[in-house]
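The values are calculated or read from the model by the stated rules, or taken from the named source; none is laboratory data. Since the model is a prediction, treat every value here as computed from it, not as a measurement. Cβ atoms come from the backbone with ideal geometry, glycine included; neighbour counts cover every protein chain shown.
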Amino acid sequence: MVIGNPFRLRFTEQQRDHMGFIRTFSVGMLEVLPPAESAWNRLVVLRSAPGAGKTSILRLLTPESLTAIIGIDNPEDAIKVLRVALEELDVIRGGTLSVLGVMVNVGKDYRSLIDLGPKGAGNIKVFFKLLDARIISRAIEAVALANGLKFPDDVNRIRFVPRAGSAGELAKEALSQIGVSTLDDSIQPGGRGGLHGDALLRVMRSKERSVLTLLDSLLPVEWDFEVGHSRLYSLAMLGNCDIEVDGHEVAYRTVVLFDDVHELEEAQREALYRQLLDRANNLGRWIAERKEAVPDHELLTGSTNGRDYQLVALEDELSAGTKGGHSLRLERILGGIANSRAQVHLASFGVHEPFTSLLRSAEEIEPGRKLDIFNTVSANVRSLVAENPQYRSWLAAAEDRQVGLDRLEAAHDWRELQILVERDIKRSPPALFEFELESERATRMASSSTKAAARLFLANEHALPYYVGCDTLADLSSRNVEQYLGLGGDMFELMMSAVTQRRRNGAYLTAAEQDQRVRRSSKLLWEAVVRRVAYGPDVLALLHIIADNSRMETYRSTAPYAPGVTGTAIAMHERSLLFKSQNDGGSYVRYGRLSRALASAVANNLLEMSPEATSSKGQKWSVFYLNRLLCPHFDLPLQRGGFREQSIAKLSRKLDLASRAGADRPAPDATMPLNSLEGWPR
Amino acid sequence: MSVSDSAKLRWYDYVFADDTANSERLWIEACSTSENILFICGAGFDPRTLDTPRRVASVKWEQLTVLALKPSVGGEHDTAVGAAHENEEELNILFGDRLTVVDSPQVLDPNTTGTVLSRRLQVQHQVLDFDTVIVDMSGLPSSISFTVLQLFLQQSLLGAEEPRRFAGNLLVTVSEDVSTDARIMASGLDAPGTLAGFERLPDISTTCIWVPVLGTGAGEELRALTTLLDPHEVCPVVPFPSRNPRRGDELILEHRVLLIEELQFEPRNVLYASETNPFDLYRQLVWLADRYRTALAPLGGATIVVSEHTSKILSLGVLLAAHEAKLVVGHVRPMAYRLSGSNPVDRMPWIYTAWLTGQPYE
């Protein structure tokens, strides 16, 4: 029997099939969306790194998905919960659709208009014309699907009827503009009579074809006769027309869902935003786009305000309520996705436990090895205290504390004490006389961070499993669903292998198995960087610099940034200049390489840019954390919060040196520090 | 497909030279009655750039015009900039004042480079007016060579409007050298897309059949195209017959996670195409497209997308099929290349030539 890996089924029938999509959609993703009062009357912008789930959210709002959700008889609990969440958002009401999601992907065709289309202002007009044609075509298709009609065969049963009063006048004006601008008389609606879907679709397809024919020509073309649209008339038309099917009005709140907006050229994106920010639009407008490193100064600021738009930064919303870099909400959402995906496949192997419970987090180490580790660590601390006798009371307090403790737990305690002693030695000025320090001081210095650092140090020094458990798997996702599915797939493979080999533990994965697999996945990600992303070699060098510096800072004996450093920060004013150099030239053009690498790393989710500026050393800083899956290859912790500031001049110099040094290596060697390179800035 | 259907293929009978000596004979034959000859080649860093130009220059045609298309060189091509400069210098020595170097246009969307260039070639150099055109694909990226060749092929069709119809001989040359292929290391992928000038991806959803011609080290390209296309079915092409009889197995093994685990492709969908004959691949692709379109017509038809991740000679088969069967050409452009190691002294390039339009087909 061939059992597929449910985490890898991202593009197959299971996901393409709407039922499969719905059953694996995590209802927790809806928690990040704006409430019903503000979701459908203004521009909503979903922004995230690739793979965070933007498109899935938009897809859920399309009629294909919603009619499937409504149509399930005897739904299981998960579907019931999804229905309730959608009713709260006013997407469905009383078993019928109240929102008509019209999904329009702007990721293809439009950008090429800049190169192949007319020059000057006419270019945006042709862009609007093509977009109008596609929005209206998709709206007709959406109405058909929402009403169980066959598209395009049955679209003659649909009518768009301008509303009475001023709204209707706006619709008529929009239709007239579309018609008049093309000198096409077939699209003049007569009074309240409206316009049939087939006629409208015919005109829209003809418009689309006329633009595409010119774009596709390999011979020189004349654009003079191609009259464009000075604005997006489809929004006014769809927002101010009633929709009828077989003569009966269907009451929908139309929402146009624009996907992949980051793919548009800057001028096109700006023009689209201007149209969508207009509150006169009487319909919902949602945008999904990728988070970019370039400062977002232009689109959602200036004359607009919070009433005009709602920005949803998916990663930030998902990780709301984070403690020490770990988000319980994210763990719950991702765990839900994993368990729902794996349930059927695990059951076919006779495993009836949730996927997440099969990832053991306790370290199974034999008693003899525990004792060895304990002896080594305690000997190190005793030796340190022997050289610094003022800490004798700290040692005694630790010995008392450890009575009855498991040897490994005791070893962690000793290792933490070692960090605290090292810290205190470094902080305290040399004294003429040695006074014994009270043990309460050590208690005051201890924290969850020093405990976490001790666990990391001990794991690294004694090759203990560190990256284990379902919470760690969620952290390693870097708040990205696609990355989580990749890791889940790796673990599922191990589970299936364990079951088929009839191992003693069944499908349970030991801590060592999980740790080994995570480290392998981390290395594979490092190796893929050069080929996967734009400016790959420079991106790899930049990540190497950050990871190398993080490792050096993390493993200092005093653990000054406990549990560790996993990112870098550049001053906000330098960041602005860095990206200004790309666009405007000027004196910062010498940082072009750095700005390209940084932009590419952020766009591809290899660096996570903090949403807000962080204050430190009297300045505002923009913090860039490594993608969490990059951390295991450098033995780094997964918590956020630790970063080191760098000037762009120094970072740029390091980038040049690291690029040259690592030109032929697929992945950096974590054990070879970069500061051994000749000319490395101190 | 029946024999009578096969006969409808534009290149059911074809003219193809599979070694350097026969290639030269073919060029001489094609140019023997030509009053004006155009030779289009690359002027980039590719080590194969000069293989064909050196041979062409040695024939010493009086009426020869040479256009060397210079692919854009990004900031990362540390070694490539120098190599491109050396190649351009030698082209100058080979062809003197008959040579015009055409810079690649600056475009926002890299997939439009070929279209912008094609339009420019016609406006500035009237390329359709030549009696015989030889295009050397060896030193050109497919984003350029595919579109330029598509221009000639489209305009050579009987329905093409006068006076822009191309009625001359069109020959395509490819220099193959396994050791050189292995030295070229691509890095950094641009956004995946489809080549302008060929069929577009439809805006409405139809059944998508993806036919990737597999190659070594193309994992990231395949993954990027998977995200773009979200295919319903995958029909990977592997080279067979091949110099290495296990090459097909090795390629499936290399790409097994994507093909088997993620895409769950049907093993019966694998296509086998000769490693050295582009017309074999061309036929297989055209037939495949025809079969799928016929089968899926009652369900709204199918979009067939082909992408090449392998040798230049097989990519010619992809081009011919995309032209004839109106296939979408999926494309992911590497942003940079590096050359690993040095050029072997005893490099033995093997030049293939396909005669695509003109005398043999009249």
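Per-structure values
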quantity: Helices (runs of 4 or more DSSP H) wholly inside region A:18-75 that include at least 2 residues being over 20 Å from A:E315 (Cβ atoms); calculated: A:18-24, A:36-39, A:63-71
quantity: Conditions (1) surrounded by fewer than 19 Cβ atoms within 10 Å (Cβ to Cβ); (2) at pLDDT 90 or above; (3) in a helix (DSSP H, G or I); (4) within 14 Å of chain A (Cβ to nearest Cβ): number failed by B:E221; calculated: (1)
quantity: Total residues in region B:226-249, condition in contact (Cβ under 8 Å) with a residue 24 or more places away in the chain, within 11 Å of chain A (Cβ to nearest Cβ) and of a type outside the set (S, T, N, Q); calculated: 6
quantity: Residues (assigned to a loop (DSSP other than H, G, I, E, B), of a type outside the set (A, V, I, L, M) and within 13 Å of chain A (Cβ to nearest Cβ)) located in region B:173-214; calculated: B:D190, B:P192, B:G197, B:F198, B:R200, B:P202, B:D203, B:S205, B:T206
quantity: Every residue from region A:99-122 that is surrounded by fewer than 20 Cβ atoms within 10 Å (Cβ to Cβ) and over 29 Å from the mean Cα position of the chain (by Cα); calculated: A:P118, A:K119, A:G120, A:A121, A:G122
quantity: Members of region B:260-279 found to be crowded, with 19+ Cβ neighbours inside 10 Å, free of Cβ contacts under 8 Å to residues at least 40 places away in the same chain and closer than 22 Å to B:D181 by Cβ, listed by number; calculated: B:E275
quantity: The listed residue being in contact with a Leu (Cβ under 9 Å, 6 or more places away or on another chain), surrounded by fewer than 24 Cβ atoms within 10 Å (Cβ to Cβ), under 23 Å from B:W350 (Cβ atoms) and among the basic types (K, R), out of B:R98, B:R54; calculated: B:R54
quantity: Subset of region A:597-607 [surrounded by fewer than 24 Cβ atoms within 10 Å (Cβ to Cβ) and either part of a helix (DSSP H, G or I) or modelled with pLDDT of 90 or more (or both)]; calculated: A:A599, A:S600, A:V602, A:A603
quantity: Among (1) at pLDDT 90 or above; (2) away from every other protein chain (no Cβ under 11 Å) - the single one B:R119 does not satisfy; calculated: (2)
quantity: Every residue from region A:631-682 that is in a loop (DSSP other than H, G, I, E, B), acidic (D, E) and touching a strand residue (DSSP E or B) at 6+ places or on another chain (Cβ under 9 Å); calculated: A:D664
quantity: Tally of residues being touching a residue at least 24 places away in the same chain (Cβ under 8 Å) and under 16 Å from A:M572 (Cβ atoms) across region A:608-619; calculated: 7
quantity: Residues being closer than 30 Å to A:V211 by Cβ, touching a Lys or Arg at 6+ places or on another chain (Cβ under 8 Å) and away from every other protein chain (no Cβ under 14 Å) - total across region A:78-119; calculated: 2
quantity: Number of positions in region A:226-284 that are within 14 Å of chain B (Cβ to nearest Cβ), in contact with a Phe, Trp or Tyr (Cβ under 8 Å, 6 or more places away or on another chain) and either modelled with pLDDT under 95 or in a helix (DSSP H, G or I) (or both); calculated: 4
quantity: Odd one out for A:S340 among (1) farther than 20 Å from A:S26 by Cα; (2) in a helix (DSSP H, G or I); (3) among the small types (G, A, S); calculated: (1)
quantity: Unmet requirement for B:R291, which otherwise passes all of (1) surrounded by fewer than 17 Cβ atoms within 10 Å (Cβ to Cβ); (2) among the charged types (D, E, K, R); (3) within 21 Å of B:E199 (Cα to Cα); (4) within 14 Å of chain A (Cβ to nearest Cβ); calculated: (4)
quantity: Residues of region A:120-147 satisfying the condition of being away from every other protein chain (no Cβ under 11 Å) and among the small types (G, A, S); calculated: A:G120, A:A121, A:G122, A:A139, A:A142, A:A144, A:A146
quantity: Residue within region B:233-244 that is in contact with a Cys (Cβ under 9 Å, 6 or more places away or on another chain) and in a helix (DSSP H, G or I) present; calculated: no
